[in-house]
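Novice: Sharing a structure, written as structure tokens. Questions coming.
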Amino acid sequence: MSWSELKLIPSEYNDEIKAIDESILKLLMERMKITKGKRYFPPREIVKQWAADFDMEIAQIIGTLHSLTEGDVSHQLPAGPGKLLTVLPLMKSKILDGFEYELTHAMQHENGSIVFLEITLRQLEENIGHIRPQLLLMVNGPQPYNIRRNGAHGGGGHSQLSFLVTPRLPDDIAGLEFSLIPYARPMESRPKEVILNQEISF
């Protein structure tokens, strides 16, 4: 299939948006030339200031910048992480603001690891509604890791996230540091809600 055979999605476009897009692409290429594949990330104080200046959520800013520093595309696994080899216990936990965060285990596959995070509300008498974690796992060690969200589900004061980590984590994790950072997909907006609340008789 050639480019000319692709069907264009109908959308509005004008010179003002074209100029912005060209500026974004030019700056992106300049950034890539300067960083040369290395991770460059601003300190939290700068991100907080940008959130105020640009009226954005911190998680959105971090998500946008993280997408620029994800590293080598060779870590992308279109066919999945491969065959399951073993399960690696992690058993790391932290309690913050009434929530317990537990990195429970990693499923060790041929081409990567799937790491599981459990989030549980500890004040069970409170009804806070739906938990919506905007988090991304970070792994620091002797080599760089590429990490992306792999799945999420939960309810009732509990949430579980999984992250695909490539390359695969070592069987001995003593030299690794795990952390969670705020993360939302770039320019993510809340989905539109349709509330169905009228009495219906059949």
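Read-outs: derived from the displayed coordinates by stated rules, not from any lab. Please read all numbers here as calculations on a predicted model, not as lab measurements. Positions of Cβ are backbone-derived with ideal geometry, glycine not excepted, and every protein chain shown enters the neighbour counts.
Novice: Filter the GluC sites (Glu not before Pro) in region 90-178 down to the DSSP loop ones having no more than 16 other Cβ atoms within 10 Å, then list what survives.
Specialist: When the GluC sites (Glu not before Pro) of region 90-178 are filtered for loop state and at most 16 Cβ neighbours within 10 Å, GLU110, GLU125, GLU126 remain.
Novice: Taking square-rooted eigenvalues a ≥ b ≥ c of the alpha carbon gyration tensor, is region 15-68 rounded, prolate or oblate, where a/c under 1.5 means rounded and, failing that, a/b exceeding b/c means prolate?
Specialist: It comes out oblate by the Cα gyration axes.
Novice: Taking R0 as 35 Å, what FRET efficiency do you get between SER179 and ILE200 from their Cβ-Cβ distance, rounded to the nearest 0.05?
Specialist: Approximately 0.10, to the nearest 0.05.
Novice: Any chance you could run the full-extension gain for LYS26 through GLU100? It's 0.36 nm times the residue separation minus the Cα-Cα distance, nm to one decimal.
Specialist: Gain on extension, LYS26 to GLU100, equals 22.4 nm.
Novice: With the cut-off at 1.5 for a/c, could you classify region 84-182 from its C-alpha gyration tensor as rounded, prolate or oblate?
Specialist: The shape class here is prolate.
Novice: Additional query: So the label point goes 7 Å from the Cα of SER67 along Cα→C-beta, right? Which residues of region 10-42 then have their backbone N under 13 Å from it?
Specialist: 25
Novice: Please give, to one decimal in nm, the separation of the simple spin-label points placed at ASP55 and ALA152, each 7 Å out from Cα toward the Cβ.
Specialist: It works out to 2.4 nm between the two label points.
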